[in-house]
1. As an exercise: evaluate M244 against (1) open to solvent by 40 Å² or more (accessible area, probe 1.4 Å); (2) under 18 Å from K291 (Cα atoms); (3) out of contact with any helix residue (DSSP H, G or I) (no Cβ under 9 Å at 6 or more places or on another chain) and give the number of the one condition it does not meet.
2. Among (1) at pLDDT 95 or above; (2) open to solvent by 20 Å² or more (accessible area, probe 1.4 Å); (3) of a type in the set (D, E, K, R), there is one condition R203 misses while meeting the rest; what is its number?
3. Return the pair list, or none, for Cβ contacts closer than 8 Å from residues in the range 196-213 that are free of Cβ contacts under 8 Å to residues at least 12 places away in the same chain to residues that are β-branched (V, I, T) and open to solvent by 20 Å² or more (accessible area, probe 1.4 Å), at least 6 apart or on different chains.
4. From P76, P56, which residue is at pLDDT 95 or above and out of contact with any strand residue (DSSP E or B) (no Cβ under 8 Å at 6 or more places or on another chain)?
5. Across the range 301-316, which residue is farthest from Q249 (Cα to Cα) among those that are out of contact with any Ser or Thr (no Cβ under 8 Å at 6 or more places or on another chain) and not small (G, A, S)?
6. Keeping to the range 329-363, report how many residues are surrounded by 15 or more Cβ atoms within 10 Å (Cβ to Cβ), farther than 26 Å from N85 by Cα and not charged (D, E, K, R).
7. Just need a number here: residues in the range 298-325 that are touching a residue at least 24 places away in the same chain (Cβ under 8 Å) and either within 17 Å of G109 (Cα to Cα) or open to solvent by less than 10 Å² (accessible area, probe 1.4 Å) (or both).
Amino acid sequence: MKAFVLGALLLLTQTSSTPADPVGQLQQKLTKGQTKLEYEKKHGYLESILKILKVPVSSQTLVFSKTSLQIERISPKTPRAIYFNDDVYVAWVQGTGFIEVMSVDPVKGSNFYVLSQERSDKPEFERSTGHECSVCHFVQEAAPKFVPRLMFSSIIPDATGNADGAAPIETTDQSPMKERWGGWYVTGTSGNQVHAGNIVNSRPASVFNGLPATAAKTSNITDLSSRFDTSAYLTPHSDIVALMVLAHQKEVQNLIALAQSKGNAAAKETGEPLVKAMLFAGAAPLTAPVKGTSNYTVDFAAMGPRDSSGRSLRDFDLKTRLFRYPLSYLVYSKPFDALPAGVKTYVYRRFKEVLTGQDKSAAFASLSSADRTAILAILQATKPDFPR
């Protein structure tokens, strides 16, 4: 089975357990008649889902490699749209019979759903518990448990979107810009930082083999209308900043899921990688400013809490790094709050050691004294359970 990022949905079955994730909770409200999904001809239930689950349309990112469930419908002319917020990922493909959704459970990791695009008086999200999902969406370090993981990979496909024969590269904060976003459309500017987005090859290629000579021409693209019919989508953008946030978010959520699965006995083993990811240790610095094309930066920044000085962990920098105050906004997420007590205690202790300057090791060398002071103040003002 080929899977791309964020959602191989197979062997659909119903589960008797009551899910605690946002989509499971939405389905309960639909069943009880407490809310309803609105249908429209062009996109089915897509816009209604995004509105109810508070997923910004500006988060749209577009992938055109044939590396997910609906490969027959995905190509450079008909990319797959991904929309996301902190705990929900919604995927839509032109002409599809269903919408794919991944929804993060506070304790169990991600749940997989599909929603039929046929108009119905009682639309229903069907939950997938199929074992074939584990082929790709499986945290190997958690074995023998099945802990689902989010995926975000880069590969340069051919002109049809086919990626056969080439090895995808997992994209994280530490990935060099030149290895990011192969098989994805990217709108926005990044100066002299070329990336693998917007490229099709005569044959599929791993970006480890080096970028094509055309990479300089396919970076810094702000209009995709010459490549496909952008009017078919909710927005014409595949924002570069949204793509950068997506890479960070999936990595932290995967580490939280792993820590939850292993429990207190592995507090240091799972807690230390989580601390480093949340403090952006080893993140590739920006060598030129980055600017998106949509309203995503405004929409994203408006979602989180601010301290009395108006500062937020969701404030962007986009000049030398992604965020102005580099501690992950996912510290406010329900999965983080649901970490095993021993793991959370370890993570908080390590945050304090780094942010007070007690730990000045090389892993956190990118944090200046001013950074540490500001982040600590924001955390103490906006996170009630963080130790004072």
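The values are calculated or read from the model by the stated rules, or taken from the named source; none is laboratory data. Source: prediction; values computed, not measured. When we count neighbours, we look across all protein chains shown, and the Cβ atoms used for this are built from the backbone with ideal geometry, even at glycine. Please note that ligands, DNA and RNA were not included when accessible areas were found on the heavy atoms of the full protein model with its side chains. Shrake-Rupley method; radii C 1.70, N 1.55, O 1.52, S 1.80 Å.
1. (1)
2. The single condition R203 does not satisfy is (1).
3. Qualifying pairs under 8 Å: none.
4. On the way: P56 fails: out of contact with any strand residue (DSSP E or B) (no Cβ under 8 Å at 6 or more places or on another chain).
Sole residue among the options that is at pLDDT 95 or above and out of contact with any strand residue (DSSP E or B) (no Cβ under 8 Å at 6 or more places or on another chain): P76.
5. Only one residue fits best here, namely R311.
6. Total satisfying the criteria: 6.
7. Result for the range 298-325: 4.
Residue-wise test of (1) over 30 Å from V186 (Cα atoms); (2) of a type outside the set (A, V, I, L, M); (3) assigned to a helix (DSSP H, G or I).
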residue: V23; (1), (2), (3): no, no, yes
residue: L26; (1), (2), (3): yes, no, yes
residue: K29; (1), (2), (3): yes, yes, yes
residue: K36; (1), (2), (3): yes, yes, no
residue: K42; (1), (2), (3): no, yes, no
residue: L50; (1), (2), (3): no, no, yes
residue: V55; (1), (2), (3): no, no, no
residue: L62; (1), (2), (3): no, no, no
residue: L69; (1), (2), (3): no, no, no
